[in-house]
Amino acid sequence: MSSPVAFFDRDGTLIEDQQYAFDATRIRWQPGAFEALRSLVSQGWRSIVVTNQSAVARGFCKEEDVHAFHSAMSHNASSVGAVISAFEFCPFHKDAKVAEYRASNHPDRKPNPGMILRNLPSDPNARAMSFLVGDKSSDIAAAEAAGIDGYLYNPGDDLAALVEFAVAEARIKCKK
């Protein structure tokens, strides 16, 4: 059986929102983020970040900056035994200043489910147990469009407690 996936929005969910900044020295993790990631890996889940990054389309940064920021996040997490299995980001936006990133309804831009669908396990049980945690209604809409449960996170709350609840709900759901 393949592993179920816990999808996370990035800004406002795993880390504090930096408002288009990509300064790795300013990464501030949400309360319980590391605990949530460690718990998931110990229970056989993969954790994947799915994030809209219109800063690229708006010309505030380049894709390489996003990759470097994600690498720093991964290093931060792994240094305390937390694991992020993969990062997916959508640089497209309808009002892009950078023409190559202009798209009115890109399939990866949440609330569209493209980033999630690409990473869902093929095993039906693992797929049914997968879920997303995000801080915006567009995150939850993307989860619903992908056919998985979505949980709304209030920035500053204990992320580990919400993830523990989501995992428990997934286990109950799959025993039915």
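Bear in mind that the values in this text are calculations on the coordinates, not laboratory data. Fair warning: this is a prediction, and the values are worked out from it, not measured in the lab.
What lysines does LYS62 reach when the alpha-carbon gap must be under 19 Å and sequence neighbours fewer than 8 apart in one chain are set aside?
Correct list for LYS62: LYS94, LYS97.
Could you check what % of the DSSP bridge pairs in the chain are antiparallel, to the nearest 5?
Percentage antiparallel, nearest 5: 5.
Taking 2.2 N^0.38 Å as the expected size of a compact globular protein, what ratio does the Cα radius of gyration of segment 73-176 give against it, to two decimals?
It is 1.21.
Segment 89-137 to segment 1-19: how many Å between their Cα centroids?
What the calculation gives is 12 Å, centre to centre.
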